[in-house]
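Below you'll find the structure, written out as structure tokens, and then a few comments.
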Amino acid sequence: MKNKYIAKRYWKDSSSPMGAVNAKAKQYDDVINLSLGDPDLLTDKGVIEQAYKDTLAGHTKYTEFRGDPELRAEICKFYKDEYDMDVTDDEIIITAAGTLAMHLVMETILDDGDEVILQAPYFTPYPKQVEMSRGIPVELPTYEEEDFQVNVERLESLITERTKAVVLNTPSNPTGSCLTVETMEKIAAIAEKYDLLVVCDDIYTAFSYQNPFVPFASLPGMRERTIIINTVSKNFTMTGWRVGNIIAPADFIKVMTDVNMSVAFTVAAPTQRAALAAYRTYKDFQPAMVKEYKKRVFYAAERINALNNMHVLYPPKGAFYLFINIKDTGLTSMEVAEKILDEAHVLTLPGNAFGDCGEGFLRIACTCGCEELGKAFDRIGAMDLFNPNK
Ligand SMILES: Cc1ncc(COP(=O)(O)O)c(C=O)c1O
């Protein structure tokens, strides 16, 4: 888009494979949408009611710059209770969810031309978030044959004198994989050896189906070089409330607070109260929610593996996404996503939307119930390309 009034750095075409299939889906009125990472379940009623009460009681103003102090205290308590980690108050800032948190992190750590290694396939905004802070994103591919684990030799081969940080996301969007503690320990050794920061986008921690989630920051020596991003979006089914937080050594938090004052100033007070209520009561509502998503991903994975020309790693490990290998079709991710949309009216996302190494895959999000998922795979299974009886 060339418009002399718009900054030139935004002139380049920003259309994505994701945008293209989404636009095409509008042609059909019976589309089953498996593209959305937004949970269909609603926020717990008790959380909403408590936020309403607190708002009526006066939580309608700016909060402290680092966020509501009661919420910060509750997050410290959460880290102690869940992971036996000591987080002090000056190591936390409340942010307008995970997306803005990543922006604050990049603004805080990057000098012009610094490189950030991204565990790929990655959450689509990462490269742009690095570039907006004048950094250079570097894709670190992970592969299905390696269980989507980070291969540390590959990681090491990408490190240059400009490498500042590595971004990790486990459980992962889009692959649903979880880094093993062994992999994390190897990454920790590399971080130490090359004096790197590690940014952990810890968004799906509750959705870890095989082993309990272990924060990278809890590994020996990693606290001082790890920046943790959290959000209530997925773990507490609160995407629309826009509350997250960053945990990092106090020096980083000071700068992030300063940057945030020029970006968002503070997070909305009522939604911070909702987040507080969620941290206080999650044990009452989270287990049932996680159980439901687990049921869905296992069900969808079984349906996928019963079809021709597509398969997915089994059993699913985490998050509520499945990264489906469609290489046997001989077609590109985009071609398969379009074909499934046109013939089965099911919207999936082409894997290359998540980095080059996502080519040959489709991502689905199990953000609809088993009945709807069942309908989607009945339709896909009826396509010549995937029908197991053909
Ligand atoms: C890996 C990852 N990071 C960050 C986010 C952003 O979450 P938030 O809603 O907190 O901005 C998402 C949302 O889908 C995600 O999948």
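Residue count for the stretch 1-23 under the criterion of being in contact (Cβ under 8 Å) with a residue 40 or more places away in the chain and in contact with an Asp or Glu (Cβ under 9 Å, 6 or more places away or on another chain): the result is 2.
Restricting A51, A73 to those that are at pLDDT 95 or above, touching a Pro at 6+ places or on another chain (Cβ under 8 Å) and either assigned by TED's automatic domain parsing to the domain that holds V346 or not aromatic (F, W, Y) (or both) reduces the list to A51.
Any idea which of (1) closer than 20 Å to T124 by Cβ; (2) touching a helix residue (DSSP H, G or I) at 6+ places or on another chain (Cβ under 9 Å) is the one D356 doesn't satisfy? Here D356 clears every test but (2).
Here L110, L118 are screened, and the one residue that is away from the ligand (no atom under 16 Å from the Cβ), of a type in the set (A, V, I, L, M, F, W, C) and either in the same structural domain as N173 (by TED's automatic domain parsing) or crowded, with 21+ Cβ neighbours inside 10 Å (or both) is L110. Taking the numbered list (1) within 16 Å of the ligand (Cβ to nearest atom); (2) of a type outside the set (D, E, K, R); (3) assigned to a helix (DSSP H, G or I); (4) touching a residue at least 60 places away in the same chain (Cβ under 8 Å) in turn, S172 passes all entries but (3). The strands (runs of 3 or more DSSP E) found wholly in the stretch 47-147 and carrying at least 3 residues that are under 24 Å from T183 (Cα atoms) occupy 115-120, 136-141. Restricting T95, T99 to residues that are in contact with a Leu (Cβ under 8 Å, 6 or more places away or on another chain), within 16 Å of the ligand (Cβ to nearest atom) and hydroxyl-bearing (S, T, Y) narrows the list to T95.
For the stretch 20-46: of the residues being more than 16 Å from the ligand (Cβ to nearest atom) and part of a helix (DSSP H, G or I), which is surrounded by the most Cβ atoms within 10 Å (Cβ to Cβ)? So that I can check it myself, show each step before the final result.
Start the filter on the stretch 20-46 by keeping residues that are more than 16 Å from the ligand (Cβ to nearest atom), which leaves 20-21, 23-32, 44-46.
Filter once more, keeping what is part of a helix (DSSP H, G or I): 20-21, 23-25, 45-46.
Details: A20: 15, V21: 22, A23: 10, K24: 15, A25: 18, K45: 9, G46: 14.
If we take residues in the stretch 20-46 being more than 16 Å from the ligand (Cβ to nearest atom) and part of a helix (DSSP H, G or I), then V21 is surrounded by the most Cβ atoms within 10 Å (Cβ to Cβ).
For the stretch 175-193, how many residues meet the condition of being away from the ligand (no atom under 16 Å from the Cβ) and buried (at least 17 other Cβ atoms within 10 Å of the Cβ)?
As a first pass, look at the stretch 175-193 and keep what is away from the ligand (no atom under 16 Å from the Cβ): 180-193.
With buried (at least 17 other Cβ atoms within 10 Å of the Cβ) added as a condition, the list becomes 180, 183-184, 186-188, 190-191.
Adding up the residues that qualify gives 8.
Considering only residues that are free of Cβ contacts under 8 Å to residues at least 60 places away in the same chain and surrounded by 24 or more Cβ atoms within 10 Å (Cβ to Cβ), look in the stretch 336-389 and name the one that is nearest to I304 (Cα to Cα). Going through the qualifying residues, I end up with L362.
Considering the stretch 152-169 alone, what residues qualify as being without any contact (Cβ under 8 Å) to a residue 12 or more places away in the chain and either outside any helix (DSSP H, G or I) or surrounded by 19 or more Cβ atoms within 10 Å (Cβ to Cβ) (or both)? Spell out how you get there, then give the answer.
Taking the stretch 152-169 first, the residues without any contact (Cβ under 8 Å) to a residue 12 or more places away in the chain are 153, 157, 161.
Within the stretch 152-169, E161 is the sole residue that qualifies.
Restricting attention to the stretch 238-249, does a residue exist that is within 14 Å of the ligand (Cβ to nearest atom) and within 26 Å of F298 (Cβ to Cβ)? Scanning the stretch 238-249, I find at least one residue that is within 14 Å of the ligand (Cβ to nearest atom) and within 26 Å of F298 (Cβ to Cβ), so the answer is yes. In the stretch 26-42, the residues that are in contact (Cβ under 8 Å) with a residue 40 or more places away in the chain form Cβ pairs under 6 Å with partners that are within 15 Å of the ligand (Cβ to nearest atom) and in a loop (DSSP other than H, G, I, E, B), at six or more places apart or across chains, as follows: L36/T367; P39/T237; P39/T367; D40/T367; L41/T237.
Taken together, the residues in the stretch 276-333 that are β-branched (V, I, T), over 20 Å from the mean Cα position of the chain (by Cα) and assigned to a helix (DSSP H, G or I) amount to 3. State yes or no: is N230 without any contact (Cβ under 8 Å) to a residue 60 or more places away in the chain and touching a strand residue (DSSP E or B) at 6+ places or on another chain (Cβ under 8 Å)? In short, no.
The values are calculated or read from the model by the stated rules, or taken from the named source; none is laboratory data. Nothing here was measured: the structure is a model prediction, and the numbers come from that model. Glycine also receives a Cβ, built like all others from the backbone with ideal geometry; neighbour counts cover every protein chain displayed.
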